[in-house]
1. Within the chain, which is the longest segment containing none of the GluC sites (Glu not before Pro) that sit in a DSSP loop and have at most 13 other Cβ atoms within 10 Å?
2. With viscosity set to 0.692 mPa s and temperature to 37 °C, compute the Stokes-Einstein D of the chain, Rh being the Kirkwood radius across alpha carbon pairs; µm²/s, no decimals.
3. Looking at the chain only, what percent of DSSP beta bridges run antiparallel? Nearest 5 please.
4. Just the isolated ones, please: cysteines in the chain lacking another cysteine beta carbon under 4.7 angstrom.
5. In terms of modelled amide H atoms, which long-range or inter-chain residues lie less than 5 Å from the amide H of ASN49?
6. Return the aspartates and glutamates within reach of LYS289: Cα separation strictly under 16 angstrom, same-chain partners fewer than 8 residues apart disregarded; answer none if there are no such residues.
7. If I model a spin label as a point 7 Å beyond the Cα along the Cα-Cβ vector, how far apart are those points for ALA333 and PHE60 in nm?
8. Just to be sure I follow: if Rg is taken over the C-alpha atoms of segment 290-360 and Rh is the Kirkwood radius over the same atoms, what is Rg/Rh?
Amino acid sequence: MKVEAIGMSSCLGPGVTACAAFRAGIVRHQPSEEVTTFSPGDSEAQPVNVCAIPGITLGFSGVGRLVAIAEDSLEDLGAKTSLTALGREAGIFLALPDFSAPEDAPRTRAATQEALGRQVLERALATHRVSWSEDRWRFFTGGSAGFALALVAARRELERRAFDVVVVGGIDSLVAPEHLRFLLAERRLKTADNPVGLLPGEAGALLVLRARAPGGAGGRSPQVEVTAVHTAVEPRSQGPGAMPDGGALATCVREVLGASPEQDAAFIWDLNGEQRRAWEWGSTLVRLKSHAPSLGDAPAWVPATGFGDVGAASGAVGACIAVRAFERRYAPARQLVVVSQSDSGERAAFALAVGAPSREGGPA
């Protein structure tokens, strides 16, 4: 699948700006205006830091916040490609947070997700005064692996020629007050008395993908392609406090890289500061090193250091980072593998690489 365009909304700005800021190590977090916390022995409330999108989501919560992020992401995408033209031909595959109740039946959960997706996309498109055919919309959950699940479905539809072009993306926010209070109650936030926690963020990222065309790509930018994607489910750990062993995640990475013992690859890891993900990452690296020794020392980027934990949008943000790295020619390897570790058990990896060589020219 060839990447034709990207659009993003994040705490570091739109797609091109955000990826450049991430590469430069810029961090833009701020105290939440609605939520504070007390550490043991404190007489005054301590701030809860978040990576919120400046101005765009201020005052919004719930569905309204997702709509604001979707609108901003579409605006950035529309600066690079025609939203009207996409509406006439594209299938839409969008990962969103799971708003259903844990006790809901699968059919109820699917209906809730469908209703949420349609509400978000309809309102966001209305702002831009464009119409996309609703019978081509597909919505996915799966936490941070949701984007990879959407990618698998999109690839399947491209292969069977149901669509010639697809828009695949993810939208999520962990900084709404109700979400922050839940994470505080679960002791999952990074605070003064809990350094092993996540920094909540929010983002939306969209990629326009087309089935790989024969021959080389024109223009000055390299042709970036999604070369492989694989998903799995981590078996439930046995016993309280048991950590994942990295088996499912290592399988995903091996599948997208192939069987060669020598791999020229770098990783975009789904680490968010929590001990569980770090443990699984380390276990995965041990397994990968036995498969291909070079993978044990492969370069790795961690988007959460710049964007915070952006939930269902994390895979899409990682994909945008990889695309810009290839376009600007600073990718540290021939393949960039985006890895996802969902809290709900889904594991995924997908690889991006430069396809057929483009014409001579400087960076985009």
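The values are calculated or read from the model by the stated rules, or taken from the named source; none is laboratory data. Predicted, not measured: the structure shown is a model, and the values here were computed from it. Note that each Cβ is placed from the backbone with ideal geometry, even for glycine, and that neighbours are counted across all protein chains shown. What goes into the accessible areas is simple: the full protein's heavy atoms, side chains included, and nothing from ligands, DNA or RNA. Shrake-Rupley method; radii C 1.70, N 1.55, O 1.52, S 1.80 Å.
1. That gives 263-359 as the longest site-free run.
2. 159 µm²/s
3. Expressed as a percentage, antiparallel bridges in the chain total about 65.
4. Here CYS19, CYS252, CYS320 come out as lacking a disulfide-compatible partner, given the Cβ-Cβ threshold of under 4.7 Å.
5. The answer is SER32.
6. List returned: ASP245, GLU255, GLU262, ASP264, GLU280, ASP297.
7. With each label point 7 Å from Cα toward Cβ, the separation is 3.6 nm.
8. Using Cα coordinates only, the ratio equals 1.00.
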